[in-house]
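Notes follow the structure.
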Amino acid sequence: MIILLAGLGFIIFTGIASLFIKDGKTCTRFGAAGVIIGSLAAVTTAIKVLFSGETISFKIPWQVPYGSFYIVIDSISALFLIIVFMACSIAAVYGCGYMAGYKQRRLSAPTFFFNMLVASMAMVVMARNGVLFLVVWEIMSLASYFLVTFDHEHESVRQAGWIYIVATHIGTAFLLAFFVCLGKYNGTMDFDNVNVFGKASSVLFLLALVGFGTKAGIMPMHVWLPEAHPAAPSHISAVMSGVMIKMGVYGIIRTISILPEIQLWWGWLLVILGIVSGLLGILFALAQHDIKRMLAYSSVENIGIILIGLGLGLIGLAGGSYILAVLGFAGALLHIINHSLFKSLLFMGAGAVVHSTETRRMDLLGGLIKRMPLTAGAFVIGAIAICGLPPLNGFIGEFLLYYSSFAAALSKDIQIVAPAVAAIAALAMIGGFAVAAFTKVFGIVFLGEPRTSAAANAHEADKAMIVSMWLLAVLCILIGITAPLVLPVIISVVMQIVPAEYEIAVLPFNQPDKMLWWIVISSIALFILISVLAMIRRNLLKNKTVTAGPTWDCGYAAPTPRIQYTSSSFSQPIVDMFKNAMYLKRNEVKIDELFPKQAQFESHTPDVSNEYIYRPVFKWIDRLTGKMQWLQYGVVQMYVLYIAITLIILLVWKL
Amino acid sequence: MRDYAIMIIQPAAAMVLAPMLLGVINWVKANFAGRRGQPLLQPYYDLWKLLHKSAVYSSTTSWIFKAMPIVCLSAILLVTFIIPLGFGKTILSFNGDLILAAYLLGLIRFFIVIGALDTGSSFEGMGASREVQFSALAEPAFFIAMAAMARQTSSISFSNIFSAITPQMWATNSATLLLVTAAIVIVLLAENSRIPVDDPNTHLELTMIHEVMILDNSGPDFAFLLYSAALKLWIFAAILVGFILPMNVMPWQISIPVSIAAIFVVSILIGIVESCMARLRLVRVPHLLFTAVALAILALIFTFRN
């Protein structure tokens, strides 16, 4: 524990120290070194806890009312700590390369806030006191806000930051209510033992779901996500999408694990929210033209998949289906790890593209695989992994979810069968659209011919960026190949959530690790087949003249790169199919003469919940607060007076 | 001994006989049209010729384009080791193998699509775009149909499901089996780019899906793709046959030839469909696939009766 706290202290210390370093390059390197060294030290404790299964706790009293500095590391915390430290360290390496692009800026502030973000996320998963939790949660939100608004000279970035900070504080308001209620029922703000039953526990669950769900980006609380992620520098997007939104998921998991009574309908609710987030998330991702915005929507989709897993686990717990409980949660946890790897990787790849071409619009890119081969290679691995395709890690997580759903679908109980089948259908559909979305991103950005001179003049990314992307790519492959060894560790974490009688030995269709060995064998067979076939083809072509020519153009004499299919045209059929659900806006000048003069087509997809829920609500609030304007004088002394009056009223009321 | 024999015969039969399916379809279509048609073994001649040709690569393409045929063929070969013929275990037979099989097909789709986009041709982009659209709709139909069969037979691997089909099941649960059959037939036609979803014979690129995605492949690469298309057809036909026919009532020496014969019957039926129908307009294809989803869901609902 001391080592872990020392590691965190070191991260914070280097963050503060970096404020005094003038030179940008030295500053980011110093901060990154702090993150990496601190993480390496701290992660040892987490790994020890994860493998030994013991729980470490640490408590010192604190001046703050109801607060105590109470931290506990159990295996759930340990798993999340490992994700935080691993993904953030790699992002820090990437940041050294990425931030080098900002030559004229001082980089002290982003370095400081990055280190604070890492430390606060680590604290979030350990804190066991409500007050402490809210404090570190708030530090996390604020640090990420300042990182999102790093490019604050752009209007759009300020706007994104504004949406983010409002959204995150609405979430925090629910969490405040959650912890106050929890503390009131429980008698203490420490939340390791909770005795809340009946209706109260459902209320607590819903409060936690909204509060944490806002951070996680569950539809329809996701609106900040597609705004904030594209605005932030790419390694920050990677950390936010890969790690920070998982803090919301952590909150939901922790709530599930501490509430003693589980209701079946919680599981139903999570599965439904998961399916909605997953399907709409990936459909909106398909409709985007901006590469980072698209990745942000895909995070909503993946949070949906994670929620489906958590919901299945809850249904299994409440409905007495062992396999669903264990493998549902295991699938969700594995997908959390996997998503932190491949989504970070994809954001970093997108960052490398933006860094080198200075545009995020996919339709202006193309042909980058020839100019940025290493980035493209890592990106395609990330794309295969995120589509959940074998032999990479994404498949293992989805396999567990499918497997548990299939096993649960055999049950006699309709209350279990219905969500299981819905999950199967939704996962299949999400998987299909994910392939569409990621073949689009990879195909349009990296393949074909460059569509603009910016794409034609692109250059390979910096060494630090390449190294960090490939590190993540290797981890994706590694988890895919060593899945049967990873699963027991995950299941030991799941055992923190489900009671011990759900031991894996009593599962029907038991030994899920045995099936994973079959999958690993298939993966290895796949690699062998690929190399054998490659060899056969080389031999077949050995003594022949292999020629290079133009792409077959169907006799059209002068094709230009602009004729290529664009991201809009690629996704048009699917987006069009769902245009009513997505409120697709199109601007079209129809061709209605024999000799068309000029035609034009433009489509864009505003966020439905933003457009039809939040905007009207905030307009209404705006009108309401407008009526209270007479209170505002803009004089600080008056506000001090208001505070004093409020205090007096409160005192009188309490006395 | 018996098990090992089955394990070896199953993939071997698929690998040797799969191209013949294409020959049979063409033979049926020629007969319907009153032509003499190609020889039955024409696909084998084509493969042989292509394998010994040289290749032309577009200068736009990258390693993705060259990796695509190899990954496709490798993945589909792996799937042939999962799908049994008749009954009995295959080499890669485990609980949940149907998920692996479906996702290996997804891997093929991923590579074929990025391979098509790698050429920078808008025709191939068009085919790729349609491919991802239709397969995203076929996928849920396939999975729900598999879930219905899993419920029907209380097992979650292809070999167990195939072995659990009995004549009694046709007597008591024919509704489920029929609906699953209908759903799988639609998925088969869509996944294998046959009429009414796609026309493998047109050479008008604007209407094609699968054929247009591989326009630029030549030589051994094209042979690999042609062969994997044949294997894919074999696999779906084998799934269809396995879901329908109660193979468990006969010894394996009979069940395997019967299954192979049934697979060829499926290819004859495909040929008949292709001769009697025109392909649907592209905007109508999703309706067909939604029908498949609906049929599969109905099949699933019928499994609640027992």
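Observations on the structure shown:
- Residues being out of contact with any Phe, Trp or Tyr (no Cβ under 7 Å at 6 or more places or on another chain), under 17 Å from B:VAL212 (Cβ atoms), facing chain A (nearest Cβ under 7 Å) and not charged (D, E, K, R) - total across the range B:94-118: 2
- Qualifying positions in the range A:266-289 - more than 17 Å from the chain's Cα centre (by Cα) and open to solvent by 30 Å² or more (accessible area, probe 1.4 Å): A:TRP268, A:LEU269, A:ILE272, A:HIS289
- Residue among B:ALA145, B:ALA164, B:ALA128, B:ALA175 that is at the interface with chain A (Cβ under 10 Å from one of its Cβ atoms) and in contact with a helix residue (DSSP H, G or I) (Cβ under 6 Å, 6 or more places away or on another chain): B:ALA128
- Residues that are open to solvent by less than 10 Å² (accessible area, probe 1.4 Å), of a type outside the set (Phe, Trp, Tyr) and part of a helix (DSSP H, G or I), drawn from the range A:117-134: A:LEU117, A:VAL118, A:ALA119, A:SER120, A:MET121, A:ALA122, A:VAL124, A:GLY130, A:LEU132
- None of B:ASP199, B:ASP118 is under 30 Å from A:GLY555 (Cα atoms) and crowded, with 23+ Cβ neighbours inside 10 Å except B:ASP118.
- Which listed residue, of B:ILE91, B:ILE82, is at pLDDT below 90 and at the interface with another protein chain (Cβ under 10 Å from one of its Cβ atoms): B:ILE91
- Hits in the range B:248-306 (condition: of a type in the set (Ser, Thr, Tyr) and open to solvent by 20 Å² or more (accessible area, probe 1.4 Å)): B:SER275, B:THR291
- If you check A:ALA6, A:ALA17 for being more than 27 Å from A:VAL493 (Cβ to Cβ) and open to solvent by 10 Å² or more (accessible area, probe 1.4 Å), only one passes: A:ALA17.
- Close contacts from the range A:375-386, counting a first residue that is assigned by TED's automatic domain parsing to the domain that holds A:GLY349 and a second that is outside any helix (DSSP H, G or I) and not small (Gly, Ala, Ser), with Cβ to Cβ under 6 Å and a gap of 6+ residues or different chains, come to A:ILE384/A:LEU392; A:ALA385/A:LEU392.
- Any hit, the range A:371-393, residues being open to solvent by 10 Å² or more (accessible area, probe 1.4 Å), at the interface with chain B (Cβ under 9 Å from one of its Cβ atoms), out of contact with any strand residue (DSSP E or B) (no Cβ under 6 Å at 6 or more places or on another chain) and basic (Lys, Arg): no
- Restricting the range A:461-475 to residues that are among the aliphatic types (A, V, I, L, M) and touching a Cys at 6+ places or on another chain (Cβ under 9 Å), the residue that is surrounded by the most Cβ atoms within 10 Å (Cβ to Cβ) is A:MET465.
- Residues being of a type outside the set (A, V, I, L, M), under 24 Å from A:LEU447 (Cα atoms) and in contact (Cβ under 8 Å) with a residue 60 or more places away in the chain - total across the range B:89-144: 11
- Scanning the range A:517-528 for any residue that is at pLDDT below 85, more than 9 Å from chain B (Cβ to nearest Cβ) and open to solvent by less than 70 Å² (accessible area, probe 1.4 Å) turns up nothing.
- Residues in the range B:95-108 that are open to solvent by 10 Å² or more (accessible area, probe 1.4 Å) and either under 23 Å from A:ASP553 (Cβ atoms) or in contact with a Ser or Thr (Cβ under 6 Å, 6 or more places away or on another chain) (or both): B:ASN95 alone.
- Considering the range A:412-424, the residues that are assigned to a helix (DSSP H, G or I) and open to solvent by 20 Å² or more (accessible area, probe 1.4 Å) include one that is nearest to the other protein chains (Cβ to nearest Cβ), namely A:ILE414.
- Test for A:SER603: is it modelled with pLDDT under 80, surrounded by 13 or more Cβ atoms within 10 Å (Cβ to Cβ) and over 30 Å from B:SER59 (Cα atoms): yes
- The set of residues in the range A:557-580 being open to solvent by 50 Å² or more (accessible area, probe 1.4 Å) and either at the interface with another protein chain (Cβ under 10 Å from one of its Cβ atoms) or not in a loop (DSSP other than H, G, I, E, B) (or both) consists of A:PRO559, A:PRO561, A:ARG562, A:ILE563, A:GLN572, A:MET577, A:LYS579, A:ASN580.
- Any hit, the range B:258-265, residues being of a type outside the set (A, V, I, L, M, F, W, C), within 30 Å of B:TRP48 (Cα to Cα), part of a helix (DSSP H, G or I) and away from chain A (no Cβ under 12 Å): yes
- A Cβ distance below 6 Å, combined with a sequence gap of six or more or placement on separate chains, defines the contacts here; from the range A:562-583, residues that are more than 14 Å from A:LEU280 (Cα to Cα) reach residues that are charged (D, E, K, R) and not in a loop (DSSP other than H, G, I, E, B) in the pairs A:THR566/A:ASP363; A:SER567/A:ASP363; A:SER567/A:LYS440; A:PHE570/A:LYS440; A:SER571/A:LYS440.
- Top-ranked residue in the range B:23-64 [being in contact with a helix residue (DSSP H, G or I) (Cβ under 7 Å, 6 or more places away or on another chain), part of a helix (DSSP H, G or I) and within 21 Å of B:GLY115 (Cβ to Cβ); ranked as farthest from the other protein chains (Cβ to nearest Cβ)]: B:ASP46
- Verdict on A:VAL64 being outside any strand (DSSP E or B) and under 25 Å from the mean Cα position of the chain (by Cα): no
- Residue that is more than 20 Å from the chain's Cα centre (by Cα) and of a type in the set (Phe, Trp, Tyr), where the choices are B:PHE264, B:PHE304: B:PHE304
- Residue within the range B:48-64 that is more than 29 Å from B:GLY125 (Cα to Cα), out of contact with any His (no Cβ under 9 Å at 6 or more places or on another chain), modelled with pLDDT under 95 and of a type outside the set (S, T, N, Q) present: no
- When A:PRO233 is tested against (1) without any contact (Cβ under 8 Å) to a residue 40 or more places away in the chain; (2) touching a Leu at 6+ places or on another chain (Cβ under 9 Å), only condition (1) is not met.
- Summed over the range A:425-458, residues that are assigned to a loop (DSSP other than H, G, I, E, B), more than 10 Å from chain B (Cβ to nearest Cβ) and in contact with a helix residue (DSSP H, G or I) (Cβ under 6 Å, 6 or more places away or on another chain) total 2.
- Restricting attention to the range A:529-551 and to residues that are open to solvent by 70 Å² or more (accessible area, probe 1.4 Å) and assigned to a helix (DSSP H, G or I), the residue that is nearest to the other protein chains (Cβ to nearest Cβ) turns out to be A:ILE536.
The values are calculated or read from the model by the stated rules, or taken from the named source; none is laboratory data. Because the structure is predicted, anything quoted here is derived from the model rather than measured. All Cβ positions, glycine included, derive from the backbone under ideal geometry; neighbour counts span all protein chains shown. The protein model used for the area step is the full one, side chains on, heavy atoms only, and it has no ligands, DNA or RNA in it. Shrake-Rupley method; radii C 1.70, N 1.55, O 1.52, S 1.80 Å.
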